[in-house]
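The values are calculated or read from the model by the stated rules, or taken from the named source; none is laboratory data. Worth saying up front: this structure is predicted, and the values here are computed from it rather than measured. As a convention, Cβ positions derive from the backbone with ideal geometry for all residues, glycine included, and neighbour counts pool all protein chains shown.
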Amino acid sequence: MNEVITGLIQDGIFAALAALGFAAISNPPRRAYIWCAVIAAAGHSLRFSLMQWAHFHIVAASFCAALLIGLLAVLLAPRIKVPAETELYPALLPMIPGIYAYKTFAAIVMCMHYSGEQDFQHYFYLFASNGLTTFFILMAMVLGATIPMFAFQRLSFQATRQL
């Protein structure tokens, strides 16, 4: 049990560090940096928890995590006085399925490399499986992040206005 808690904390810390890096290249106000990190840690830790403890598929867990990230970004935006997108995008980026995208690309290269039918079918299967997983994770993240922005549209677009 202690290893699971340690893994959860590590996951949150690494997601927060990645979000800080992504936030740095998008140049938000300084007050938004810490919130990008906190939101990313919360979302990524939720995805980790759902996958480890509740045995969710990565697509469903990514949707739930993106929903949490979107909700936190929209709710915290007026407090920080920045648009919700300023916190949302850097917090989402650590959840991009890079390993699945890499495996998709590697599999299509191997499809072109091998001419035997059995090898081609194997690598095409890997290409399709990893490619579809990448696609559905990305779509789940987009849907999960945008639902709170549309659900709380009035709050979302008031963040930078004088109240």
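Only residues that are among the β-branched types (Val, Ile, Thr) and surrounded by fewer than 16 Cβ atoms within 10 Å (Cβ to Cβ) were counted across the stretch 123-146, and they come to 2.
Checking every residue in the stretch 19-29 against the condition of being among the β-branched types (Val, Ile, Thr) and at pLDDT below 95 gives at least one match. Can you tell me which residues in the stretch 55-95 are out of contact with any Lys or Arg (no Cβ under 7 Å at 6 or more places or on another chain) and closer than 16 Å to LEU132 by Cβ? HIS57, ILE58, VAL59, ALA60, PHE63, listed by residue number. Residues that are acidic (Asp, Glu) and either within 17 Å of ASN130 (Cα to Cα) or in contact with a His (Cβ under 9 Å, 6 or more places away or on another chain) (or both) within the stretch 96-119 comprise just one, ASP119. Of the residues contained in the stretch 63-70, none is found to be within 14 Å of ALA18 (Cβ to Cβ) and out of contact with any His (no Cβ under 9 Å at 6 or more places or on another chain).
Can you tell me which condition PHE120 does not meet? The list is (1) surrounded by 14 or more Cβ atoms within 10 Å (Cβ to Cβ); (2) over 24 Å from PRO28 (Cβ atoms); (3) modelled with pLDDT of 95 or more, and all the others hold. Unmet condition: (3).
Look through the stretch 15-68, keep the residues that are of a type in the set (Phe, Trp, Tyr) and in contact (Cβ under 8 Å) with a residue 40 or more places away in the chain, and return whichever of them is surrounded by the fewest Cβ atoms within 10 Å (Cβ to Cβ).
Going through the stretch 15-68, the residues of a type in the set (Phe, Trp, Tyr) turn out to be 22, 33, 35, 48, 53, 56, 63.
Subset that is in contact (Cβ under 8 Å) with a residue 40 or more places away in the chain: 22, 35, 48, 53, 63.
Working: PHE22: 18, TRP35: 23, PHE48: 19, TRP53: 10, PHE63: 24.
The residue in question is TRP53.
Can you name the residue in the stretch 47-67 that is assigned to a loop (DSSP other than H, G, I, E, B) and either touching a helix residue (DSSP H, G or I) at 6+ places or on another chain (Cβ under 6 Å) or hydrophobic (A, V, I, L, M, F, W, C) (or both) and is also modelled with the lowest pLDDT among such residues? Here the answer is TRP53. I'd like to know if the stretch 82-91 contains one or more residues that are in a helix (DSSP H, G or I) and of a type in the set (Ser, Thr, Tyr). Checked against the condition, which is being in a helix (DSSP H, G or I) and of a type in the set (Ser, Thr, Tyr), the stretch 82-91 yields at least one hit. Within the option set GLY70, GLY131, being farther than 25 Å from ASN27 by Cα and part of a helix (DSSP H, G or I) holds for one residue only, GLY131.
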